[in-house]
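The values are calculated or read from the model by the stated rules, or taken from the named source; none is laboratory data. What you are looking at is a predicted structure, and each value in this text was computed from that prediction instead of being measured. Here the Cβ is made from the backbone with ideal geometry for all residues, glycine too, and neighbour counts use every protein chain on show. These accessible areas exclude ligands, DNA and RNA; they are computed on the full protein's heavy atoms, side chains included. Shrake-Rupley method; radii C 1.70, N 1.55, O 1.52, S 1.80 Å.
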Amino acid sequence: MMSNLPKTPKWVVGVIIILLFPVFQFPYLLVSAPDVQTIRTLIWIYPFYCLVAAWLAWQCYPQRPALSWVLLALMVMSHVSVWCLVTLPASELDAIV
């Protein structure tokens, strides 16, 4: 059976791909991360989360565009949070972890 759902527009696919670009900084994040096991675990999970969120946003856009945008917004916030985990000074990380 063929699905009668409309396809995800190409401009949305472009936005999703652009929002995936920060995942390519994964090796730098891993090298620059403090030697705290919790932070390193979160950094290892980060690329898998981004790929799954992007795939889900692409899949759900034709039926539920609002959910797709929420997933993309959460992905942007995860980019920011992982970057903060790596770049914050160690004195501020002690208060967080």
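Is it the case that the stretch 10-32 has a residue that's of a type in the set (S, T, Y) and within 26 Å of L67 (Cα to Cα)? Taking every residue of the stretch 10-32 in turn, none turns out to be of a type in the set (S, T, Y) and within 26 Å of L67 (Cα to Cα). Of the residues making up the stretch 1-20, those that are surrounded by 12 or more Cβ atoms within 10 Å (Cβ to Cβ) and outside any helix (DSSP H, G or I) are T8, P9. What are the residues in the stretch 70-86 that are open to solvent by less than 70 Å² (accessible area, probe 1.4 Å) and farther than 16 Å from G14 by Cα, if any? Within the stretch 70-86, S78, H79, S81, V82, C84, L85, V86 qualify. Residues that are part of a loop (DSSP other than H, G, I, E, B) and touching a residue at least 12 places away in the same chain (Cβ under 8 Å) were ranked within the stretch 21-69; the one that is least open to solvent (accessible area, probe 1.4 Å) is A33.
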